[in-house]
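Reading through the structure tokens given below for one structure.
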């Protein structure tokens with residue numbers, strides 16, 4: 001019985017301590033809103049993802065939580081066919097991200113390996129930026 005009183009007391013103290021961290025003049029609801037509206041800005045490089053034909057790596061530039069640029073500094077180029085496929089697929093994938101503003105993008109027919117590598121690296125970059 002003594003331990004349950006300690007737990008209740010600790011919980012009450014915990015609530016009081018959390019309330020004490022809210023800036024003066026703000027309710028806890030307003031403080032939560034302020035926290036969630038802060039957006040990261042900058043350039044974020046996703047992890048390189050190895051596909052069957054080579055690595056793919058995506059970089060995104062974010063300003064106030066909005067993706068303003070997508071770049072693919074690393075992608076397969078070792079064969080003429082790689083160059084041919086990626087010359088079409090990469091601009092399409094970049095455009096998909098700009099429209100979707102997320103990783104909710106479509107696959108590119110004929111460039112499935114590049115698209116998968118792009119997607120995995122994009123998810124990594126979005127995670128670093130605090131986006132989904």
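Values quoted throughout were computed directly from the atomic coordinates according to the rules given, and no laboratory measurement underlies them. Remember, it's a predicted structure, so these values are computed and weren't measured experimentally. Neighbour counts are summed over all protein chains in view; Cβ atoms, including those assigned to glycine, are modelled from backbone coordinates with ideal geometry.
Tabulated values for the structure
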| read-out | value |
| --- | --- |
| Alpha-carbon gyration tensor eigenvalues x 5, square-rooted, for the stretch 42-129, Å | 21, 13, 10 |
| Potential extension, residue 63-residue 116 segment - 0.36 nm per residue separation minus Cα distance | 16.5 nm |
| Cα→Cβ-extended label distance, 7 Å offset, between residue 71 and residue 87, nm | 2.2 nm |
| Ascending count of other beta-carbon atoms within 10 Å, so fewest first, for 124, 59, 109 | 109, 59, 124 |
| Over the stretch 39-82: Rg over Rh, Cα atoms, Kirkwood Rh | 1.12 |
| Burial ordering of 79, 103, fewest other beta-carbon atoms within 10 Å first | 79, 103 |
| Neighbour-count ranking [beta-carbon atoms within 10 angstrom, fewest first] of 93, 45 | 45, 93 |
| Net lengthening on full extension, residue 80/residue 52 (0.36 nm per residue, minus Cα-Cα) | 8.5 nm |
| Net length gained if the chain between residue 100 and residue 43 were fully extended (0.36 nm per residue, minus Cα distance) | 18.7 nm |
